[in-house]
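Accompanying notes for the structure given below.
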Amino acid sequence: MKLRPLLRCLLPLLVAACATLGRAEDGYRLWLRYEPVADAQLRAAYSQALGKVVLATPAGTESPTIAAARAELVAGLRGLLGREIAVVVEKSLAPLADKGDDAYAIRLDRGATPRLVIAANRDVGVLYGTFALLRQMQTSRPVDQLAVSGAPRIKRRMLNHWDNLTRFVERGAAGFSLWNWFTLPEVIDPRYTDYARACASIGLNGTVLTNVNANATVLTEPYLQKVAALANVFRPYGVRVYLTARFSSPKEIGGLPTADPVDPAVQAWWKAKADEIYRHVPDFGGFLVKANSEGQPGPQDYGRNHADGANMLADALAPHGGVVIWRAFVYSHEAPDDRAKQAVTEFAPLDGKFRENVFVQVKNGAIDFMPREPFHPLFGAMPHTPLAPELQIAQEYLGGGTQLAFLAPMWKETLDSDTFCAGAGSTVARVIDGSVDAHGDSCIAGVANTGNDRNWTGHPLAAANWYAFGRLAWDHSLSSAAIAEEWTRMTFSNDPAVARPITAMLLASHETVVNYSMPLGLHHIMAEGHHYGPGPWVAEAGRADWTSVYYHRADEKGVGFDRTATGSNAVGQYRPEVTKVFGDPKLCPEKYLLWFHHVPWDRPLASGRPLWDEIALHYQAGVGEVRTWEKTWANLTGKVDAERHTHVAALLKRQEADARFWRDGCLLYFQTFSKRPLPAGVEPAEYTLEYYRDFRLRYYPGNPGEK
Ligand code: BDP
């Protein structure tokens, strides 16, 4: 064959190969991809309206934060519009009224020389405005909708990293910790900057670098230098650093014989330690503390209470403006009471006893990040204490980095729950943003799902949870649908043929995982240790409240935990309006039924079908839903870049197998009690109960128990 015809044959292949290479997507860019605006008309309209971009601040001068905003704009607009747009800094004419430190307002001046102005009261507001503008353009909003304004409802919006100094991430399924403690402070991985950019782009302004199961070493001088190096990278992006404080640090690294919070030497040690930290990190945010919980040291070791411990640390931080975030995730295996009740029992009596710079951090539900929990009864039970919700982005009980579970609907369910603590409409969201009890400061945290996997979160679709957490922390009134759509458009495409089906999958996914793992209020029936698969048979785990049988209480009569007055009466910890609903099996939403009630297998539910059939059909529905996603995803072949498409397709295949495993293990086990046949439409299990029970999943990432 002559050269020319050969080339002619190969050319289309080469072009196709280059196009594929050009489109290769490894997920590193997250939702900050700045791909060219596909619609040429819209692109031209943006170009014209923008003319130049003005960053307007009270000082009107360049700062590291303004430089970061400028760099983001230049890169973003170059990508989106394919051209350079001038970005200038000016002094603003008037402050944005009543909007607070982080607010921004974008204005379009459409004169002879059009310009777009991003105004803010502080430089970081300009940065938030910058990301808002880029978001509007990335999601192809019409030109008029570039003029948006915003202000967060919650002041401290943070990630909590359960990252150890060894880089092992507790419950983390996306590789090792982002923080390379060994090479810090000298080596500054460019990824640290990209992390801060991603956080700032969704309005996050704080990060707890270390695991709640804390290591005192991070408070020693060499490590504080490393912490300072990270803080320096994050500062221009408005992200403040916090650390976990191990309560026994005065003994472990301070050489004191005690860590008793009323001991003057201990108090002096923490004051000196706080001074030292602030010398390294002048804008240090404060301490997050897990004390007297799951074996961690705390004030109760010395006969003191949580307020004594928290206040001692708060006094050390107060002169520097730092805060203490004290966790209410406590339960004692010595307490004979229902684990769901123990946080209220210990913390509610301490309301009003904490210093002003203390938050009490409360998980969304009273047990522990289950796939679904009714809202934690502490919300609304401590009016004098600012409560900071702790949500978990990391999907510990929802398939980690392997299964698709978009969590915004779950978080919204909690945030929108009405506590009735100050009359109807006292939602969890309004309790935590401070509006119900007029608290000046407010805080929300998400346990991070990041790791050093190239795409940050392991599952390519799990970055949606990082994104959703930030967006809800900024504005809890946003809908899950709006957030899912934004993320999908930015991460994949504005093409409705792509954006719609992916958004729909995301929105359905939390319910799907609940259906195939712990439907109708079942909870804590996962395998021991790794928390990834089913383990309803777990009956021995070192302590009763770590077993599954403690929670499901299945017997010949029925299944579920009686938390009404005839049982543990946990339902009595809510306000009467809530107790009335949750406490009555006829009024209780079916999604929480077995959380609060022990229900006979043959009791008809709303569908008219008996409980047993409903349980079985929920498990089957979960499996069926995953199968429909596999089809949806297959239809996206060629519409989504090959790299991410292949990865997600493989993970969905795995999720379908995992869903069947859950369904079959759980139904075979519960059938030994119900003694009823599977209803029509439920597929029989592949193996016997022994197979599922004896199956050992080894070395699940992020499992701290397995060595
Ligand atoms: C549980 C986790 C455990 C955490 C604990 C906590 O299994 O690894 O240390 O919560 O939040 O969900 O302290």
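The values are calculated or read from the model by the stated rules, or taken from the named source; none is laboratory data. Since this is a predicted model, take the numbers as computed values, not measurements. Here the Cβ is made from the backbone with ideal geometry for all residues, glycine too, and neighbour counts use every protein chain on show. These area figures cover heavy atoms from the full protein model, side chains too; ligands, DNA and RNA do not enter into them. Shrake-Rupley method; radii C 1.70, N 1.55, O 1.52, S 1.80 Å.
Miscellaneous remarks
- Residues that are aliphatic (A, V, I, L, M) and outside any helix (DSSP H, G or I) within the stretch 265-290 comprise 281, 288, 289, listed in sequence order.
- Residue check, residue 673 at pLDDT 95 or above, under 21 Å from residue 538 (Cα atoms) and surrounded by 15 or more Cβ atoms within 10 Å (Cβ to Cβ): yes
- Options 482, 464, 468, 473: the member that is assigned to a helix (DSSP H, G or I), touching a Lys or Arg at 6+ places or on another chain (Cβ under 6 Å) and small (Gly, Ala, Ser): 473
- Residues within the stretch 584-609 that are of a type in the set (A, V, I, L, M, F, W, C) and assigned to a loop (DSSP other than H, G, I, E, B), tallied: 5
- Candidates in the stretch 331-371 are the residues that are within 16 Å of the ligand (Cβ to nearest atom) and modelled with pLDDT under 95; of these, the one that is surrounded by the most Cβ atoms within 10 Å (Cβ to Cβ) is 331.
- Residue check for residue 315: modelled with pLDDT of 95 or more, away from the ligand (no atom under 16 Å from the Cβ), among the charged types (D, E, K, R) and farther than 20 Å from residue 214 by Cα: yes
- Number of the condition not met by residue 279 [criteria: (1) in contact (Cβ under 8 Å) with a residue 12 or more places away in the chain; (2) more than 16 Å from the ligand (Cβ to nearest atom)]: (1)
- Subset of the stretch 225-258 [open to solvent by 10 Å² or more (accessible area, probe 1.4 Å), hydrophobic (A, V, I, L, M, F, W, C) and touching a Phe, Trp or Tyr at 6+ places or on another chain (Cβ under 8 Å)]: 233, 256
- When we screen 527, 508, 544, 554 for residues that are among the aliphatic types (A, V, I, L, M) and farther than 23 Å from residue 339 by Cβ, the only hit is 508.
- First in the stretch 140-163 and on the phi > 0 side of the Ramachandran plot, second anywhere and more than 16 Å from the ligand (Cβ to nearest atom) and open to solvent by less than 40 Å² (accessible area, probe 1.4 Å), Cβ under 8 Å, 6 or more apart: 140/37; 140/42
- Exclusive hit being away from the ligand (no atom under 16 Å from the Cβ), open to solvent by 80 Å² or more (accessible area, probe 1.4 Å), over 17 Å from residue 525 (Cβ atoms) and not hydroxyl-bearing (Ser, Thr, Tyr), set 707, 653: 653
- Yes/no for residue 212 being within 16 Å of the ligand (Cβ to nearest atom) and in contact with a Ser or Thr (Cβ under 6 Å, 6 or more places away or on another chain): yes
- Scanning the stretch 319-340 for residues that are in a helix (DSSP H, G or I) and in contact (Cβ under 8 Å) with a residue 60 or more places away in the chain yields 339, 340.
- Residue that is nearest to residue 656 (Cα to Cα), among those in the stretch 517-549 that are of a type in the set (Ser, Thr, Tyr) and without any contact (Cβ under 8 Å) to a residue 40 or more places away in the chain: 548
- Qualifying positions in the stretch 579-620 - in the same structural domain as residue 683 (by TED's automatic domain parsing) and of a type in the set (Lys, Arg): 603, 609
- Check on residue 389, open to solvent by less than 10 Å² (accessible area, probe 1.4 Å), touching a helix residue (DSSP H, G or I) at 6+ places or on another chain (Cβ under 8 Å) and away from the ligand (no atom under 16 Å from the Cβ): no
- Hey, residue 223 away from the ligand (no atom under 16 Å from the Cβ) and within 21 Å of the chain's Cα centre (by Cα) or not: no
- Flag if residue 496 is touching a residue at least 24 places away in the same chain (Cβ under 8 Å) and either more than 21 Å from the chain's Cα centre (by Cα) or open to solvent by less than 20 Å² (accessible area, probe 1.4 Å) (or both): no
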